[in-house]
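Everything on this sheet refers to the single structure shown next.
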Amino acid sequence: MQRSTESHSPKVPSGRDDPRFREVKNARDYANVDLARTHGFTRSAAADAVDQVMLEEQHATLLEQGYVIIQDLMNSAQLDALRSNAEEHLRHFGRNSFEGERTQRIYGLPEKLRSADAFIEHPLILAHLDRLLQPNYLLSQAQVINILDESPAQPLHLDDSFYPWPRPRPALSVATVFAIDDFTEDNGATVAIPGSHRWAEDRYPEDSDQRVKAVMPAGSCILFLGNLWHGGGENRSGASRLALTAQYCEPYLRTQENYFLSMSPQTVAGLSEDMQRLLGYSIHPPFMGMTNGMHPKRTLPV
Ligand SMILES: O=C(O)CCC(=O)C(=O)O
C-alpha cells in the first residue's frame with residue numbers, strides 16, 4: 001500500500017522576499033552569513049564593566065611577556081568553597097610524568113565543582129579573552145591541580161602545541177592558573193619563560209633561558225598565552241600546592257575535554273550565559289556547533 005506523503009511535505013519558502021531566505025553567492029558570503037541566525041555572541045555584562053585602563057595595562061604586559069600575574073582576583077570565601085568542594089575528589093595521581101606522579105588532578109570541573117565557575121568565568125579573565133580570541137571562544141579544559149611535596153618540576157610545555165600550525169603564530173588558546181594556596185619560591189609555583197611565545201617551532205627551552213616563578217598570594221592568577229613555554233614547578237616545601245587552571249581556545253578548534261559528554265543538559269541549563277557559551281552552547285558562524293540544524297541551546301531543557 002502506498003503511504004500518503006502529504007502530511008510530511010515541507011513548507012517551501014515563497015521566494016527571495018521571504019525573510020528566511022539568505023542569498024549565499026560566494027565563499028566570502030558563506031563565511032559571513034549567519035546561517036544559524038541566532039548565534040549572537042552574548043557579551044558578558046560583567047566583563048564589559050571591567051576597568052579599561054587596568055585591562056589595557058595588563059593586556060600590554062601579556063602581549064610583551066606572554067603572561068601577566070594578576071593579584072587579588074578571588075576572595076577568601078571563594079577560595080574556601082573551592083578547597084572544600086575539591087577535597088572529596090582529590091583521590092587520583094597523575095598517570096605519567098607530565099601529569100605528575102605526585103600530583104593530584106580533578107578533571108571535569110564544570111560537572112563536579114560548582115564553586116569552580118567563579119574562577120572559570122571571572123569577568124576580568126573574560127574581558128582579557130574577549131581581546132585575545134574570537135567571539136564564542138570555548139573552555140578547552142579546567143582542572144584542579146594539587147602538587148604534593150617532593151614532586152619534581154613538570155616538563156616545560158606549550159598548551160596549544162597540538163594544533164598543527166607552525167610557530168611563531170598567534171596563540172590559539174589562553175590559560176589561567178589560580179593560586180588556591182599561596183604560590184611560593186619552593187612549593188611548585190608555575191614556571192614560565194618570558195617572551196617564549198614568540199619562539200619558532202624548532203626552538204626548545206635551554207638551561208640558559210630566563211625562568212620566572214609565579215610567586216603570588218592565594219586568590220591571584222597567572223594568565224598566559226597558549227604558545228608560552230611553562231610548567232608546574234618543583235615542590236620541596238613540605239606542604240602541597242593547590243591550584244585551579246582553565247584553558248580556553250578559539251571557537252573553531254576542538255576542545256581537550258568533551259563537555260557535551262561529561263555534562264548533563266540539566267546541569268548546563270542551570271548555568272550562566274557565560275558558562276553555557278564557554279561550554280559550547282553557541283555557534284561559530286556560519287554554523288559550527290549546530291545541533292540538527294539548530295542553535296545548540298535549543299536542546300537544553302527549559
Ligand atoms: O600546575 C601548574 O602550575 C601548571 C600546570 C600545567 O601547565 C599543566 O598541567 O598543563
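The values are calculated or read from the model by the stated rules, or taken from the named source; none is laboratory data. This is a predicted model, so every value here is computed, not measured. Every residue, glycine as well, gets a Cβ built from its backbone with ideal geometry; the counts of neighbours run over all protein chains shown. Just so you know, the surface numbers come from the protein's heavy atoms only, side chains and all, with ligands and any DNA or RNA stripped out. Shrake-Rupley method; radii C 1.70, N 1.55, O 1.52, S 1.80 Å.
Here is how the numbers come out for the structure above:
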read-out	value
Residue within the range 235-246 that is assigned to a strand (DSSP E or B), within 15 Å of the ligand (Cβ to nearest atom), open to solvent by 10 Å² or more (accessible area, probe 1.4 Å) and among the charged types (D, E, K, R) present	no
Residues within the range 159-194 that are within 11 Å of the ligand (Cβ to nearest atom), among the hydrophobic types (A, V, I, L, M, F, W, C) and open to solvent by 10 Å² or more (accessible area, probe 1.4 Å), tallied	2
Residue in the range 116-126 that is surrounded by fewer than 23 Cβ atoms within 10 Å (Cβ to Cβ), away from the ligand (no atom under 13 Å from the Cβ) and of a type in the set (Phe, Trp, Tyr) present	no
Identity of the residue in the range 128-176, polar (S, T, N, Q) and more than 23 Å from GLU111 (Cβ to Cβ), that ends up modelled with the lowest pLDDT	GLN134
In the range 130-158, the residues that are surrounded by fewer than 19 Cβ atoms within 10 Å (Cβ to Cβ) and either away from the ligand (no atom under 16 Å from the Cβ) or among the charged types (D, E, K, R) (or both)	ASP130, ARG131, GLN134, PRO135, ASP149, GLU150
Number of positions in the range 215-225 that are more than 10 Å from the ligand (Cβ to nearest atom) and within 17 Å of ILE145 (Cβ to Cβ)	7
All positions within the range 151-200 that are without any contact (Cβ under 8 Å) to a residue 40 or more places away in the chain and among the acidic types (Asp, Glu)	ASP182, GLU185
Residue check for LEU279: touching a Phe, Trp or Tyr at 6+ places or on another chain (Cβ under 6 Å) and closer than 19 Å to ALA116 by Cα	yes
Enumeration of residues in the range 75-100 that are touching a residue at least 24 places away in the same chain (Cβ under 8 Å) and over 15 Å from LEU242 (Cα atoms)	ASN75, SER97, PHE98
Count of the range 253-298 residues which are under 18 Å from ALA175 (Cβ atoms) and open to solvent by 50 Å² or more (accessible area, probe 1.4 Å)	2
Selection from the range 205-214 of residues that are away from the ligand (no atom under 11 Å from the Cβ) and either touching a residue at least 12 places away in the same chain (Cβ under 8 Å) or within 18 Å of ASP181 (Cβ to Cβ) (or both)	PRO205, ASP209, GLN210, ARG211, VAL212
Test: residue in the range 153-166 that is touching a Leu at 6+ places or on another chain (Cβ under 9 Å), in a loop (DSSP other than H, G, I, E, B) and of a type in the set (Asp, Glu)	yes
